Every structure is written in C-alpha cells, then in structure tokens.
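Reading through the structure tokens given below for one structure.
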Amino acid sequence: MIMLALTLLAPLLAGLAIFALRRAAEALALFGAALGLLGAVGQMFAVVDGATPAVVVPFLPEMPLRLTASPLTAVLSLVVATVAIFVLTYAVGYMRHDPQKVRFFGTMLLFVTAMQGLVLSGDWITLLAAWEMIGFASYLLIGFWHDRPGVASSATRAFLYTRSADLGLYIGAFLLIGVAGTSEIAASLATTGTPALIAGLLLLVAAMGKSAQVPMQDWLQRAMAGPTPVSALLHSATLVAAGAILLIRAAPMLPTGALLVIGIVGGVTAVITGLIALAEKDLKRLLAASTSSQYGLMLVAVGAGAPVAALLHLIAHAAIKSSLFLGAGVFQHDRNGTDMKSLAGAGRARPGIFAGFAISALALAGIPPLAGFFSKDAVIAAALAAPGAVWLAPLALAGTVLTGAYMGRALRVLGTGDPGDLAIPVPFMAAGLGVLVALAAVLGLGFGPLERLLDAQMAEAGLLAPVLGLGAALSGLALGSLVAPARLLGPLSGLAQNGFTIFGGMDALVLRPALAIAAACERLERWLYAAVLRIGRINLSLGWIVRRADNEGIDGTIFGLVRQTIQTGTRARKLQSGFIHRELALTVIGMAVIVVVLLAAPLYS
Amino acid sequence: MTGSVWELFFLVFFGLAAIWFGIVVFRTHSMVRSALALLFSQTAIGAMFMVMQAEFLGVLQIMMMATEMSVMALFMVMFMMDPGGMGAMEMSHQKRLSLRAGGVGLLAALAVSWLADWGPAAASIPDASRQVELLGIELLGRSMFIFESAGLTILTSMIAATMVAIAPRKPGGGT
Amino acid sequence: MIVELSVTLSIGAGLFAVGLYGALSQTNLVMILMGVELILAAALVNLVAFWRYLHPDAMSGQMFVLIVMTVMAVEMAVGFGIAIARFRSRGSVEMEEARELKG
C-alpha cells in the first residue's frame, strides 16, 4: 500500500512543489521521479510475491475509488516510472537553455501522476478521471511553445480529436457500470453477450483516438510540435499506450466479433501509417507514424486473442521508441530542425548517440537478440494462430516489412552526409538515452518470467513465426536503406505524404464542426445576455412610466385641484371690493332672491 | 262716498308730494336742500297717516322727523365736501344698477298691490281717543315685552353711538 | 277691491323705489342714510294702510309702526356716530374711498 501511495504521490508532490517554489525544477523533478520509480519497484516485488496491494477511497455510494496493483497493472506502472525518470534525465539537458523550465517539469510530473493513476486504477471512474487528465496534460505539453506559429492549433487539434474519441470510453464505461452494477473494473469484465460487444466496440473507439489508429492518426503527427522529451514520454511510451492498455485490460470480456474488428483496425493502421512513415520528410513525424503503426500491431495481437503479446510489444516499444525520440532530439539540437534534409549526416558527428539510435532502430525492426524481435515474434505468432488469421497475418507481416523499411531509411539519412561541426558533449541527454537503449536491447530476456507472472497462454513457439518475422524485417531494412521511398511507394507516394486524408480528414469531420458549434454557443450566449438586458431595460422603462404616471397623473390631479381652488378663491375675492355701494347692491339682490323664493313657496312645498 | 273720495284725493296728493320731495333729495346738489327736501317728504308721509285716521302716528312722525332732519342738516354741513352744492362734481355711482334695482322693486310692489286680493274692507274705525286708549292697553299689555326690549336696545345703541363718536384719549389717535 | 289701499300701496312702492335708488347710488354716507330713511318710511306707509283698511281694530298694527320708527331713530344715531368716527380718522365720509375691507 505504501508503495502504491509512493508511486502516485511522489511525482504529484514534486510537481506541486515545482509550481509552488519555482526553482530547482530539475532536481525536484528527478527526485520525484526517482521516488516514484522506487514505489513502482516495490510494488513489483510485492506482486511477484503474490500480494495484490490495493487502495480504496470512498467516493460515490457503492462506487468507491480503487487503485489496484495486479500483475498487469504493476508491470505497466513500472514501465511508466522507468521511462519517466530517464526521459526527465534527458530533459534536463534538452531544456537547459529554455526559460520556461519550471512550467515544463511541473507539467511533466503532473502527467506522470495521472498516467500512474490510469494504469493503477481499479474502477472506471478513476480511469475516466485519469484519462481526462493525461489528455489535458498532453494539450499543455504539446502547446508548450505556444508563441511559435502553428503550435497552438496543433495542440487544439490533438485535444479535440482525442476528446471526440473519448466519448466512446464514457459510453462504454457507463454501459459496463450499469450492466455490472459496480464500477470495479475486474468485476465489470464479467459481462457477456450484447453489452460486452457494444462496450468492446466503444472502448475500441476510445483506443483508436488515444492510440492514434486510423482514421484518427493525424493528431499524433501534429503532436510533434511539442518538445522532444514530451514526444518521447507521452507520444511513444505512455499516453498513446493508454488506448492499448485499455484494450489489454478489457480483453477477457471482448467477444469474438469485437476482437476481429479490433484486429482489422490495428492491422489496417499498421499498414497505412507505415506507408505514411515511409513517405515522411520529417524525422519526428516519421517516428510518430511509426508509433501509430506499432500500436496497430498491438491491436492485432489483442484481436488475435493474445493480449499478453500486445503487452510485451508495448513494453518493448516503450523503451525502443522513447530512445529513438531522444536520439532524434539530440540531432534536432545539433541541426536546429528535424526535417530530413537538415538532418542528413547528423549521425556521423555523434557516433555514440548514433550507435544507440541504430540499436533501437534495429530493435524496432525486429532483429534478434534485441527486445523487439521477441515481441514482434509473439505478435506474428498470435496473428498466425488467431481465428481471423487470414486477415490478421498478412497485415501484421506487411506492418513488419514497412517497419524495417522506414527505419532503414532513417538510418541511411542520418548516416550518410556531411557531419558538420564538432559536436558539444551532452551528458544528461546521453545518459537518459543510453539507459533506455540498454533496456531496449536486453528486455527480451525478461519476457519469459513476465509471461509466467501473468499466467499467460502464449501461442505455440513454432518456427514459422520467427522465420517470417525475421525475413520481413531484413527485407524491409534492405528496401528502406537502399531504395528511395518515392520509388518504393510508387503511386501511393502523394497520398502517403498527405497522410491519406479522405473527405477532408479529421479537420473537416471533427475540428471545424466542433469550433463552429463553439462559436454558435458563444453567439447564443451573447444573444441571451442582450435579451436579458433588454428585459431589464423594459422593466426599467415600465418603472419610469409608472413613476411618471404617478408624478404627472396623480400629483397633477391633486395639484390641479389645488390650483383650481385657489383660482376660484381669487375670482371670488373680486366680490369683496370693499365698496359699500357694491355691498349694498349685493344685499338688495340677495334679499330679492329670498323674497322670491319665499313667495313661491306654495308652488314647490 | 264723499268721505272716501276726499280721502283718496288727499292720499294721492300727499303721496305724490312725498315721492316728489324724495326725488328732489337725490337730484339736488345742495346738501342743505337735500335735507330739507327729506324733511318735507317725511312730513307729507305724516299727513298721509293723519288722512288714514292714525292721528297719533301722524303727529309722532312729523315731530320726530322734524327733529331728525334738522340734526341731519347739521351733519350735512359738517361732513360734506361741498355743502352748498356750488361744485359740479358727479356724486353718484353705479347709477344704472341703482335705477334698475329701483325700477324692478317698483314694478314688483305695484304688481303685488294691484293684483293681490286683499279681502273685504274694514267695517268701522275707532275714533281718535278710543284709538289712544286701545294703544295704551296694547302697549302695557301684550306688547310690554317688545317695548321693554326695545328700550334696552335703544339704550345700548345710544351708548354704542356715543362711544363710537367720542374721540379717543390716546395720543396716537385711532379708529 | 279696495282702491284706496291699492293706491296707498302704490305710493309706498314709489317711495321704496326712490329710496332704493338713493341708497345704492350715493357716494356719501349721510346720503345713503337718507335713502334708507325713505325705504323705512315706505314700509311705514304700507303698514298704516294695511292697518287702516284691513284690521283697524287690532292695535298691533300701530305698535309695529312705533317699533319701526324707533328702529329708524336708533339706526340714524348709530349711523351718524360711525360717520363722526370715520370723518375723524380719514377726514371725509365718501364711500368711494372706503376700501379697507377689500378682499
């Protein structure tokens, strides 16, 4: 339990401390990440011993928040912590001259906290919350250099695309909670039948968004606008892994139909994004497309019914891709850019870094005895043994070929050309990179014990899968390094360069409608505000009218009465002339009237 | 009857004299003549009383009026701007209204006197001495209260008139 | 129809008219009093005529005449007292100048 708490709280408190203190950002970041790693290792030991540490926090009635460290989640947590600390080490050197270090390290640590929360979550609500948080952290980190042109819109796009796919997760999670009656993930995975199919497909939608599968792969390309450590941590090993992690955890529940769909989606993605990677002119974007492709292969494994194979590939890919990105970052620092033309020959100026890069590249392609070979082998074996093997196997193999191809191309570009000036040593960056490369190389040895820990039933280890895999990898590498991509792709080259956009792509389908709705809501709100003001003004005028009616009407009547009385009095005054003769005349007239009245009495009495 | 014809004649004669003298009162410019004209008018009225066989009243009227008019003549001379009437100033106002008022009153009274039915004439009249006797009895009998109060009223008014007429002793003078 | 009565009443009417004209049209207080004298005299004439031709036995007619004469005298006295007071304060008894009670 303490290890669980440490894993989560160490990065969180370190991040908050960085924001509060605004100094010693690197030291605090590394310290927090180190403690987090310690916690993850401790968890691993506990799980290996057979325990399942868990934390339950009361929340809604009948739906408390749970964090559990089962074998699966403990492994993932360890992966996240490891990649995090080494990428942060690298980032110390990468961000050395950046004035916004505090914001960077703080946000990175908050992301690490959220990611750990995601992988360790035991109930859907925690998972949803953590899902949202990593999306938000990604938005902040992609848009880190928001002064530069195009960066803010890339961040917005990434956020909007993944957000729209998250709807699948929400609906799916609520469906499962409703059917199972509880929010605990392990319990809700017992669902069967139609709800399981629908939930599975909805979770697939969410995974497609988060893991940049076709048709939502474009956001990952754009996410490369952020700093390279961000690309290394988020967009290779952790955030995009969330989609695959979701499917791996839900795998026990998924019915055959859903599995087939998942496998086909993954396979199609592997091929298409592989083609895009081959046609890319920017190294980081190439790596991004490669990430989509690899996750496509993981989905193929899940679809083939072997989630553990997907997990193995995920772990290997985490180490490999992050080290590839870190290497690209070093070259980016050297040449002030990542497009292929400026990077030509950059590898020759830094032999050590280039060697590490090359090892990871070969690992990705699937050359033994590097980690990638074993994981690719597992995926291809699963694809071959799957019920839908006729679909999945060719796609998986095509993906492998393309992997080799684009990696070969990258190696060739970096290795041939003008080395340029003498390279400045970069200790931190080299350290971070080096450890991850080493992990990429030796992780293959740990896969056996891992399978045993997870009680996995792996496919029969025949010879077909390794042979096919190796063959595909070698042919790919050869093609990539020797033949130019334009000739290789042929007629698909133009489409590939555009990222295979159909119907205007996600821009037209998601971004523009979303922004239009937002603008319409703004207009509605302004109209309502004006309407409320108008009502207020009408009320005010009513009040004025009433007041004026009171003033002029009532007061006017009363004062008019007063005026009339005074005027009548003034007119009556004229009778009082003071003259005796007038008075006498009036007296005589009055008496005459009285006499007439009295004498006429018989007439009216 | 001869008596009534003579009575009527004298009534008309003295009556017209009274009216004519009354008009003179207001038409003449001289104040003394005005007072004297009034005196003659009242005397003619007293004569009318005697014609109507109310001798006591007639004599009383003549005596009283004679005294009164003399006093009035004195007051005229005291208070008038132009006692002799030598000036030519117009001394009247709202003439039209007054003429109209007089005219209306005359017509109304004439209409009443000629158009009303006064009933039968009286049968006989007590002679003079008998009248006085009856008057005394009336005075000390039924009308005692009237005269007593009349006496008090006269006393009061005499005192009031005297007080009004006496000049105040205060140095500032007053009304 | 008693002719003498009607004739006397007509005389009384004429006296009343003249007196009324005088009372309303004169500017001097004394002249106004003279007009009032004439009015009262007309009333006396009417009274005596009614006594003589309608009720000669009832002495209350003559009584009334005595009362009226008394009233005439009293009124004269008070009127002249006021005239003296007025003359003393203003120097004249012209009613045209007596505007103090103007409202």
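Assuming charge only on the beta carbon of Lys and Arg (+1) and of Asp and Glu (-1), the dipole of chain A about its Cα centre is about 2020 debye to the nearest 20. Counting only Cβ charges, +1 for Lys and Arg and -1 for Asp and Glu, the dipole size of region A:295-453 around its Cα centre is about 80 debye. Excluding same-chain neighbours fewer than eight residues apart, the aspartates and glutamates reachable from B:LYS95 by a Cα-Cα span under 20 Å are A:GLU583, C:GLU37, C:GLU94, C:GLU96, C:GLU97. Taking the Cα atoms only, what angle lies between the long axis of helix C:60-90 and the longest principal axis of chain C, rounded to 10 degrees? Relative to chain C, helix C:60-90 is tipped by roughly 10 degrees.
Of the residues in region B:148-162, those shielded by at least 20 Å² of accessible area once partner protein chains are present, compared with the chain alone at a 1.4 Å probe, are B:ILE154, B:SER157, B:ALA161. This model, with +1 at the C-beta of Lys and Arg and -1 at the C-beta of Asp and Glu, gives region C:3-91 a dipole about its Cα centre of some 440 debye. Label-to-label distance, B:THR28 versus A:ARG563, with points set 7 angstrom from Cα along the beta-carbon direction: 5.9 nm. Considering only B:GLN42, B:ILE146, B:TRP118, the residue lying farthest towards the positive end of the dipole of chain B is B:GLN42, judged by Cα position with unit charges set on Cβ. Rolling a 1.4 angstrom probe over region A:118-169 with all protein chains present gives an accessible area of which 68% lies on carbon and sulfur atoms. The convex hull defined by the C-alpha atoms of chain B has an orientation-averaged projected area of 15.6 nm².
Evaluating 6.51 cos²θ - 1.76 cosθ + 1.60 at θ = phi - 60° for every residue in region A:406-414, the Karplus couplings come out as 6, 5, x, 4, 4, 4, 5, 4, 6 Hz, glycine and proline recorded as x.
Given a 1.4 Å probe and every protein chain left where it sits, what share in percent of the accessible area of region C:3-91 is carbon and sulfur? Reported share for carbon and sulfur atoms: 73 percent. With Cα atoms as the point set, the radius of gyration and Dmax of region C:64-103 evaluate to 13.7, 39 Å.
Within a straight-line Cα-Cα reach of under 29 Å, B:LYS170 can be paired with the following lysines, leaving aside sequence neighbours fewer than 8 residues apart in one chain: C:LYS102. Expressed as a whole percent, the accessible area of chain B that falls on carbon and sulfur atoms is 73 (1.4 Å probe).
Rolling a 1.4 Å probe over the protein heavy atoms leaves C:MET34 with an accessible area of roughly 0 Å².
The eigenvalues of the Cα gyration tensor, multiplied by 5 and square-rooted, give region A:191-308 an equivalent ellipsoid with semi-axes of 26, 14, 10 Å from largest to smallest. For region A:505-605, a Kirkwood radius taken over Cα pairs fed into Stokes-Einstein (4 °C, viscosity 1.567 mPa s) yields D = 59 µm²/s. For the chain pair C and B, the buried solvent-accessible surface (1.4 Å probe, both sides summed) amounts to about 6700 Å². Here is the tail figure for region C:3-91: Cα pairs spaced more than 23 Å apart come to 34 percent of all pairs. Every Cα-Cα pair in region A:42-198 was counted, and those over 19 Å apart are 64% of them.
Relative to the first principal axis of the alpha-carbon coordinates of chain A, what is the inclination of helix A:464-482, with its axis defined by its Cα atoms, in degrees from 0 to 90 and to the nearest 10? Around 80 degrees separate the two axes. Rolled with a 1.4 Å probe across the full set of protein chains, the surface gives C:TYR21 an accessible area near 50 Å². Straight-distance candidates among the lysines for linking to A:LYS341, with alpha-carbon spacing under 24 Å and chain neighbours fewer than 8 residues away dropped: A:LYS281, A:LYS284, A:LYS321.
As a calculated quantity, the FRET efficiency between A:SER541 and A:ILE171 at R0 = 56 Å, using C-beta atoms, amounts to about 0.65. Tell me the angle of helix B:31-51 to the major Cα principal axis of chain B, expressed in degrees between 0 and 90 and rounded to the nearest ten. The angle comes out near 10 degrees. Other protein chain C-beta atoms within 10 Å of residue C-beta, averaged over C:49-62: 6. So what is the diffusion coefficient of the protein assembly as shown in µm² per second by Stokes-Einstein at 20 °C and 1.002 mPa s, using a Kirkwood Rh over Cα pairs? The Stokes-Einstein estimate is 56 µm²/s. Accessible area per residue was computed with a 1.4 Å probe on protein heavy atoms; A:ARG547 scores about 130 Å². With protein chains left intact and a 1.4 Å probe, residues in the protein assembly as shown average 46 Å² of accessible area per residue. Interface of C with A. Using a 1.4 Å probe and counting protein heavy atoms only, the two chains hide about 1000 Å² of accessible surface, both sides summed.
The values are calculated or read from the model by the stated rules, or taken from the named source; none is laboratory data. For clarity, every value in this text was computed on a predicted model and none was experimentally measured. A quick note on method: Cβ atoms are made from the backbone with ideal geometry, for glycine too, and the neighbour counts reach across all protein chains shown. For accessibility, only protein heavy atoms count, side chains too; no ligands or nucleic acids. Shrake-Rupley method; radii C 1.70, N 1.55, O 1.52, S 1.80 Å.
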